[in-house]
Amino acid sequence: MTVRKVKYYLYLKDVITLSVTAFGGPQAFLAMVLDIMIKKRRYITEEELWELHALCQVLPGPTSTQTISAIGYRVGGPNLAYLSLLVWILPATTIMTGAAVLVDFLQTQTEGSLDFAKFIQPMAIGFIIYAAQKTIGKMVKTTEAMVLMLLSAFVAFFYNSPYIFPFMLVAGGITTSLKFNKQPKIEEKSGIKIQWANFLLWGGVLILAATLGHFTKILPIRLFENFYRNGSLIFGGGQVLVPYLYTEFVEFKAYLTSEEFLTGYAISQGVPGPTFSISSYIGALSMRSAGMGVGGAIVGGLVSAAGIFLPGTFLIFFVIRFWDELKKYRPVRAALEGINAVSCGMLIAAAYLLFEPMPANFFNIAAIAITYFLLQFTKIPSPIIIIGGILVGLGYQLAVNNLIG
């Protein structure tokens, strides 16, 4: 692959601009990349952008982060790619780590109460329902995919162990790969030449982290392994990450309460940059048991960010070299349908699992419905919706305190 040289500082300046202004999800992100990096800077062609973005979508990991890193690789080699990864994720992960510290502090001041987040918790479910609708519309196109989606949702409802998710993804991919004859034939293959360095790096880090975590029991190492494993399995973007993280860190390990998780997810919807930054929030709160205070929260936020973002970067650098040949194999393309369908089923399950522990009262249902309709039928930016929910929650808490006082 040809590497085009550009001045590092120029590319990194554009990346930092994106990281602090890219509100509105993947569609807004792509529009800004097209405007800043393609039309203005001409780092790569528009055709190359769509090709790289399509490749990132079919790999596990955060699509926007992989796209930024892949462009950096094309125009400056691996050093610029890793620098652009760091610059891209730093603002969002810093904000979400700070949000975790703030949430923990406010709970200690109010005897564990999260009343200030009374409305943004159900609003988070409204965001998930909206994301599920959009994702299903894009990914589920056939009867087979619909059946797989419903089956995976059913399994996720009743078997909410984090270890069931990889099995379902593999099973979904194998199921649809069997009907590869329906895929159009592409020109004859000339063979695949694979450079294994980045794949071995990805696998080596995974094995090393799992081994160290198992034998040392050190919480930051275990957090890194947990997020690295999740980052190696997530297909479909940040919204699909939600059921994985909720099951593992709330249901399975109980590092966070359901209310804390929902509060963090809602806040992440109002933060620019990668949606996977919620991992820093979860990692920071998970460190409370280590008794390290703010320092521990920062460590948890950093190792969790490293864990969730690194595997996707390693994998895009591995696959980008031979993707043009690999995608000519019809079973490979057919498997993506099943993987995407299972991811959608998990997203449906997430909305239910997150709502289940919440009181089904008028206020919660109204907050979910209003959030969904605002996203669906208005152009109000997500950060404004979240800020509105926080302000309403704070007003409610003040009113209650005044009545009690």
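The values are calculated or read from the model by the stated rules, or taken from the named source; none is laboratory data. Treat the numbers as computed from the prediction; the structure is a model and nothing was measured. Cβ coordinates were reconstructed from backbone atoms using ideal geometry, including for glycine residues, and neighbour counts include every protein chain displayed. What goes into the accessible areas is simple: the full protein's heavy atoms, side chains included, and nothing from ligands, DNA or RNA. Shrake-Rupley method; radii C 1.70, N 1.55, O 1.52, S 1.80 Å.
Go through the range 364-390 and count every residue that is surrounded by fewer than 12 Cβ atoms within 10 Å (Cβ to Cβ) and either of a type in the set (A, V, I, L, M, F, W, C) or part of a helix (DSSP H, G or I) (or both). It would help to see each step written out before you state the result.
Initial filter on the range 364-390 (surrounded by fewer than 12 Cβ atoms within 10 Å (Cβ to Cβ)): 377-380.
With the extra rule that they be either of a type in the set (A, V, I, L, M, F, W, C) or part of a helix (DSSP H, G or I) (or both), the set shrinks to 377, 380.
Number satisfying all stated conditions: 2.
Any residue at all in the range 164-172 that is among the β-branched types (Val, Ile, Thr) and modelled with pLDDT of 85 or more? Show your work before the answer.
Of all residues in the range 164-172, those among the β-branched types (Val, Ile, Thr) come to 164, 170.
Now narrow it down to the ones that are modelled with pLDDT of 85 or more: none.
So far as the range 164-172 goes, no, none of its residues is among the β-branched types (Val, Ile, Thr) and modelled with pLDDT of 85 or more.
So, of the residues in the range 215-248 that are open to solvent by 20 Å² or more (accessible area, probe 1.4 Å) and either under 21 Å from residue 259 (Cα atoms) or among the hydroxyl-bearing types (Ser, Thr, Tyr) (or both), which turns out to be modelled with the highest pLDDT?
Here the residue is 216.
How many residues does the range 253-308 hold that are closer than 30 Å to residue 204 by Cα, open to solvent by less than 10 Å² (accessible area, probe 1.4 Å) and hydroxyl-bearing (Ser, Thr, Tyr)?
Count: 6.
Among the residues that make up the range 78-90, is at least one of them among the small types (Gly, Ala, Ser) and in a helix (DSSP H, G or I)?
To start, the set of residues in the range 78-90 that are among the small types (Gly, Ala, Ser) comprises 81, 84.
Among the residues that remain, those that are also in a helix (DSSP H, G or I) are: 81, 84.
Within the range 78-90, one or more residues are among the small types (Gly, Ala, Ser) and in a helix (DSSP H, G or I).
Consider only pairs whose beta carbons are under 7 Å apart and that are at least six residues apart or on different chains; among these, list those whose first residue lies in the range 373-397 and is within 15 Å of residue 269 (Cβ to Cβ) and whose second residue is open to solvent by 80 Å² or more (accessible area, probe 1.4 Å).
381/23; 382/23; 383/23
Would you confirm whether or not the range 393-402 contains a residue that is under 30 Å from residue 61 (Cα atoms) and of a type in the set (A, V, I, L, M)? Walk me through it before giving the result.
So the first thing to find is which residues in the range 393-402 are under 30 Å from residue 61 (Cα atoms), and the list is none.
No; the residues of the range 393-402 include none that is under 30 Å from residue 61 (Cα atoms) and of a type in the set (A, V, I, L, M).
Pull up the range 16-56, narrow it to residues that are open to solvent by less than 70 Å² (accessible area, probe 1.4 Å) and of a type in the set (Phe, Trp, Tyr), then point me to the one that is modelled with the lowest pLDDT.
Applying the filter and picking the extreme gives 29.
Would you tally the residues in the range 202-253 being of a type in the set (D, E, K, R), on the phi < 0 side of the Ramachandran plot and not in a helix (DSSP H, G or I)? Spell out how you get there, then give the answer.
Taking the range 202-253 and keeping what is of a type in the set (D, E, K, R), we get 217, 222, 225, 229, 248, 251, 253.
Narrowing the set further to residues that are on the phi < 0 side of the Ramachandran plot leaves 222, 225, 229, 248, 251, 253.
Right, trim to not in a helix (DSSP H, G or I) and you get 253.
Final tally of qualifying residues: 1.
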